[in-house]
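A quick write-up on the structure given underneath.
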């Protein structure tokens, strides 16, 4: 063996290892301007509705970036971001911080609520059942009433079997999703599959394929498949109740259910939210949420701004004073009329 | 027979036309290292975040080299690596986890430059399976990293003596060159791929045009009585641009472990006979 010499080749290898340890530097600094630029760029490169909403995002940059230089507090920075993002009119767009969340909620705050939990208790009473996050009962005129408050609540085939077994002899079912702000899309499929006996086209999904505002994939069809392992499905009249607070997955549920021949939508227009939200972040660590892929109806129409019901009806003051829910009463009347036909 | 054919193909790809002489040698040992690593990993993946993350990385490496029973100057290597890292963003309020399992197997042809220096060149097949997980992301929380393919590989073995202490310096570089890798499209969710079934184009050909990977290991092996200590530096680097999604993952670690070498017969180690030949010493 040779005596040790720190050869030039070993030095070269060590040097190459050191070079490789260089890490990726972030593009923007953690300053008010850097964070605003980062937010603007995330939306510019990833947000899926800039073109369909006809938003000139470059002019937004010109209008807001000079203002970022005058920002002195975290709260004023968040307010400026909030103001910029409001232009998108999208409930799926947020900036989350430890002290507040920048949000756009006009899609339901600017409209009548059309739902009253106290009045709903007159229908559910106290002896209702609960299964898989779903409350349900049978109303006096033998109509099943289901209330589902959030698609975050896990609802599987087993739960739907129990519910539909109890409601099997009802004249029809009212499926109330008012004030349902969305959740898991898998629950949309799990529930809606109980109401069809065939494969149904429910719409299309298209994701961004690049940074350009019009870079989209070819729309990919979405289908609802009937349940194969279930014991109980329901093919009689179903009325889905909606209000402006039906958003995101709830909006998708309405879009899915309205493709079925035995389903009628009653209530107010939904709040929309057809974008599939992704997460990102700013240099200061604030979380950003934005719509990344868009959902279209089977007719390739946008459902981002909501879905109109088959029967538009709002709760009336007169009915509310009597403890009645005008939308539930309309649905009951509709089902009874259909049953008697 | 099939695997021998494969080795020959790999060698002919990796090396210039070089005759591989067939020779039966009786006593060929197996050199195995069990190594534990600690270091830092940085990850930047635009599917998950525009910000880079950095943190602690812990890992285990198993490195085995043995000489071919049939071909003179040919050795086989199995290189297994598993590691886990917990990383934070620069602001300190975001957390990302990374876990990777890497296995490569292949063959090298060796040139003895002089009694103290051997150079090995060859090819390995295998790949990496793992991913990054950003705990606060909602519908894009994770990015799977699956790369399978062929790597060019080179090893330098350099024996020296410092005082009375013999030391073996070992350097290896692997360059994954061509293979198959997984990537969602730019704004595509895993829900669309796996629940709705739109998986067109998510597996694609990877080569230097869209992915650059390099694995470096530099170590010193120091025998102490019956134990051989192996200490060194390891670096794995990966940079890719697939479907306009950019990724850069860099992991630098120090490792320490021990080396076992011997001739094994039916699972039992045999004493070193005359004519014994080591794959590294």
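Bear in mind these aren't lab numbers, they're just calculated from the coordinates by the rules spelled out. This structure is a prediction, so every number in the text was calculated from the model and none was measured. With ideal geometry, Cβ positions are generated from the backbone for all residues, glycine too; neighbour counts draw on all protein chains shown.
If every alpha-carbon in chain A counts as one equal scatterer, what log10 I(q)/I(0) does Debye give at q = 0.08, 0.13, 0.14 1/Å?
Log10 I(q)/I(0), no solvent term: -0.49, -0.99, -1.09.
Could you give me D for the stretch B:75-165, from Stokes-Einstein at 20 °C and 1.002 mPa s, where the hydrodynamic radius is the Kirkwood radius over C-alpha pairs? Units µm² s⁻¹, please. Please report the intermediate quantities before stating the final value.
Numbers: Rh = 16.3 Å.
Value of D from the Cα-based Kirkwood radius: 131 µm²/s.
For the stretch A:51-98, what is the Kirkwood hydrodynamic radius in Å, using each pair of distinct C-alpha atoms? Can you show the working numbers first?
Details: mean 1/r = 0.0848 Å⁻¹.
Answer for the stretch A:51-98: a Kirkwood hydrodynamic radius of 11.8 Å.
For a Förster distance of 45 Å, can you work out the FRET efficiency between the beta-carbons of residue A:318 and residue A:201, rounded to the nearest 0.05?
That gives a FRET efficiency of 0.65.
With all pairs of different alpha carbon atoms counted, what Kirkwood hydrodynamic radius in Å does the stretch B:33-82 show? Intermediate results must be reported in sequence, preceding the final value.
Details: mean 1/r = 0.0723 Å⁻¹.
Answer for the stretch B:33-82: a Kirkwood hydrodynamic radius of 13.8 Å.
For the protein assembly as shown, state the average projected area of the convex hull of the C-alpha atoms over all orientations, rounded to one decimal in nm². Mind showing how you got there, number by number?
On the way: hull surface 147.4 nm².
Result: a mean projected hull area of 36.8 nm².
So if I take the centroid of the Cα atoms in the stretch A:58-96 and the same for the stretch B:200-222, what is the distance between those two points in Å?
Computed from Cα coordinates, the inter-centre distance equals 40 Å.
Mean 1/r over all different Cα pairs, inverted: what Kirkwood radius does the stretch B:2-270 give, in Å?
After inverting the pairwise mean of 1/r, the radius is 20.2 Å.
When a footprinting reagent is the concern and you count Cβ atoms within 10 Å, what order do B:227, A:239 take, fewest first? The partial results should precede the final answer.
Values: B:227 10, A:239 28.
Listing B:227, A:239 from fewest to most nearby Cβ atoms yields B:227, A:239.
Beyond 13 Å, what share of the Cα-Cα pairs of the stretch A:174-241 remains, rounded to the nearest whole percent?
Numbers: 1677 of 2278 pairs.
Above the 13 Å cut-off, the stretch A:174-241 has 74 percent of its Cα pairs.
Which value does Rg/Rh take for the stretch A:263-341 over its C-alpha atoms, Rh per Kirkwood?
Rounded to two decimals, Rg over Rh is 1.21.
State the dimensionless ratio Rg/Rh of the stretch A:37-191 (Rg: radius of gyration of Cα atoms; Rh: Kirkwood radius).
Using only Cα positions, Rg/Rh for the stretch A:37-191 is 1.14.
Against the longest alpha carbon principal axis of chain B, how many degrees, from 0 to 90 and to the nearest 10, is the axis of helix B:2-14 turned?
80 degrees
Divide by every residue of chain A the summed helix terms, -39500 (n - 2.57) for each DSSP H run of at least 4, and state the resulting mean residue ellipticity at 222 nm, rounded to the nearest 500 deg cm²/dmol.
-9500 deg cm²/dmol
Name the most mobile residue of B:61, B:146, B:162, meaning the one with the largest mean-square fluctuation, in a Gaussian network model of chain B with Cα contacts below 10 Å.
B:162
At a threshold of 8 angstrom on Cα-Cα distance, excluding pairs fewer than six apart, so keeping six or more, what relative contact order does chain A reach in percent?
It rounds to 18 percent for chain A.
Given Cα pairs under 8 Å that are at least 6 residues apart, what percent is the relative contact order of the stretch B:2-270?
It comes to 18 percent, rounded to a whole number.
May I have the pair-distance distribution P(r) for the stretch B:215-255, computed from all Cα-Cα distances with 10 Å bins from 0 and rounded to whole percent?
Whole-percent P(r) values from 0 Å outward: 25, 32, 22, 13, 7, 1.
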